[in-house]
Amino acid sequence: MTEQITAGQFHAADDVEDWRSLYHLVSAHFRTSSLAEGIAFVDEIGRLTGAAEQQYLNVDLRSAGVTVSLGLRDIALARRISAAAKELEIPADPTAVQVVNVTLDALVGADVLPFWRALLGYRQIGDDYLFDPVRRGPGFGLQQMDAARPQRNRMHLDVAVPHDQAEARISAALAAGGHLVSDAHAPMWWVLADAEGNEACVATWVGRE
């Protein structure tokens, strides 16, 4: 499949229940009992991908699990990876995937982005986004301000979670002392804040189709 598809179309496909859409990617987490088991699984993923063309592929290996991220259109590969995990008796845990971005409100993005790019050692995509070239740190994005807002925070976290985990994540944050600032854009995102007003957004793919 080479054409662009939406997150909704991906989730409507068969045999992709291990995967969750997070922004422009889909991710799955597979829990392993040892680093050796994870390495064996990653080796199998490498065999499955081979020289085949993928829209995107990123594999994060840890002692307790393997997280795989693909492009939305890579449905066939997602199915093959899930099948390999089942064959190796490695369980998927869709609740364990998320993407964290740091977002800074800026009046003139071109004036501030070079500073953050140099400070973080990141690379730039487009006019308003930086990413860690070795995929260890969170993304860093700019959000346009119409006017200075000295009375509120200008930096916040964006946390993309699986669409079927958003309500639980929000409920947990509220129970931990947070409060809802706005749900005007839900279910695409909710704005929450801690007890001192420091803000964060919980985001899903729903509504972005």
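The values are calculated or read from the model by the stated rules, or taken from the named source; none is laboratory data. Values in this document were obtained by computation on a predicted structure and should not be read as measured data. All Cβ positions, glycine included, derive from the backbone under ideal geometry; neighbour counts span all protein chains shown. Only protein heavy atoms, including side chains, enter the accessible area calculation; ligands, DNA and RNA are left aside. Shrake-Rupley method; radii C 1.70, N 1.55, O 1.52, S 1.80 Å.
Descending by average beta-carbon neighbour count within 10 Å, the peptides 56-62, 100-106, 20-26, 165-171 line up as 20-26, 100-106, 165-171, 56-62, the highest first. Only Cα pairs under 8 Å and 6+ residues apart enter the sum, and on that basis the relative contact order of the chain stands at 20 percent. Taking the C-alpha atoms only, the angle from helix 109-120 to the longest principal axis of the chain is near 50 degrees.
Computed from Cα atoms, the angle from the helix 166-175 axis to the main principal axis of the chain rounds to 50 degrees. Modelled label positions at residue 196 and residue 4, each set 7 Å beyond Cα in the direction of Cβ, lie 4.2 nm from each other.
Net charge of the neighbourhood of residue 87, taken over other residues with C-beta under 15 Å away and scored Lys/Arg +1, Asp/Glu -1, is -2. With Cα atoms as the point set, the radius of gyration and Dmax of segment 140-209 evaluate to 12.5, 36 Å. Protein heavy-atom accessible surface, 1.4 Å probe, per residue over the chain: 55 Å².
Thinking of segment 93-145 as a set of Cα atoms, what percent of all their pairs are more than 12 Å apart?
On the way: 876 of 1378 pairs.
The calculated P(r) of segment 93-145 puts 64 percent of pairs beyond 12 Å.
Only helical runs count toward this figure. For the chain, summing -39,500 (n - 2.57) over DSSP H runs of n ≥ 4 and dividing by all residues gives -8000 deg cm²/dmol at 222 nm.
For the chain, carbon and sulfur atoms together expose 52% of the accessible surface, with a 1.4 angstrom probe and every protein chain in place. Only Lys, Arg, Asp and Glu carry charge here, each on its Cβ (+1 for the first two, -1 for the last two); on that basis the chain has a dipole of about 420 debye about its Cα centre.
The three principal axes of the Cα atoms in segment 7-93 give end-to-end lengths of 34, 27, 22 Å, sorted in falling order.
Relative intensity of segment 84-206 on a log10 scale, I(q)/I(0) at q = 0.11, 0.21 Å⁻¹, equals -0.47, -1.24, per a Debye sum over C-alpha point scatterers of equal strength in the absence of solvent. When both bridge partners sit in the chain, DSSP labels roughly 80% of those beta bridges antiparallel. Normalised by residue count, the chain yields a Cα convex hull volume of 146 Å³ per residue. Using the Stokes-Einstein relation with a Kirkwood hydrodynamic radius computed over Cα pairs, the translational diffusion coefficient of segment 47-88 at 10 °C and a viscosity of 1.306 mPa s comes to 144 µm²/s.
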